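The structure appears below as structure tokens.
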Amino acid sequence: MSVLKKSVLVGLVLLALIHLNEGACWMKRMKKGEVRCQDNLDKTQHLIGSSWTNSKCHQCGCSADGMRCCHGLPTILNFAEDCTVEYNYHTCTFKVVKKEDHSIPCSHSGVGK
């Protein structure tokens, strides 16, 4: 296989993987003189060295460099149209169930966490 064909093949594979890449984590840098991190979602203050889970199940930590948070729940994919995802933000859990009868689970897949 020629180098050009290999390059095109690798490019197509990488392009196919883009939809699986989710910005699951993010960081907010500390400003000079700050000694606490503020969770933008809950508006709570956290000391350097602390970690917490906020009201949307994002798992966060505060360091001298800044605050880093990651999604605590996966993004649910590939479930039937007659199903729905129910997130419980108090327990940071989820289930995929039939819309008409929430006692019947549905098959699914997920990415991230």
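Read-outs throughout are calculated quantities, based only on the coordinates presented, and are distinct from any laboratory measurement. Just so it is clear, the structure is predicted and the values come from calculations on it, not from any experiment. Here Cβ is always computed from backbone atoms with ideal geometry, including for glycine, and neighbour counts include all displayed protein chains.
Here are the numbers:
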| quantity | calculated |
| --- | --- |
| Rg followed by Dmax, in Å, when region 72-113 is reduced to its Cα trace | 10.1, 28 |
| Unit charges at the beta carbon, dipole of region 35-83: most positive-side option, L77, C60, Q45 | Q45 |
| Order by protection proxy (mean Cβ within 10 Å, highest first), peptides 89-98, 29-38, 60-69 | 60-69, 89-98, 29-38 |
| Rounded to the nearest 20 debye, dipole of region 17-113 from Cβ charges on Lys, Arg, Asp, Glu | 580 |
| Long pairs among K56/K98; K43/K98; K28/K99; K43/K99; K43/K95, criterion Cα-Cα beyond 30 Å | K43/K98; K28/K99; K43/K99 |
| Region 35-106: C-alpha pair distances exceeding 20 Å, % | 44 |
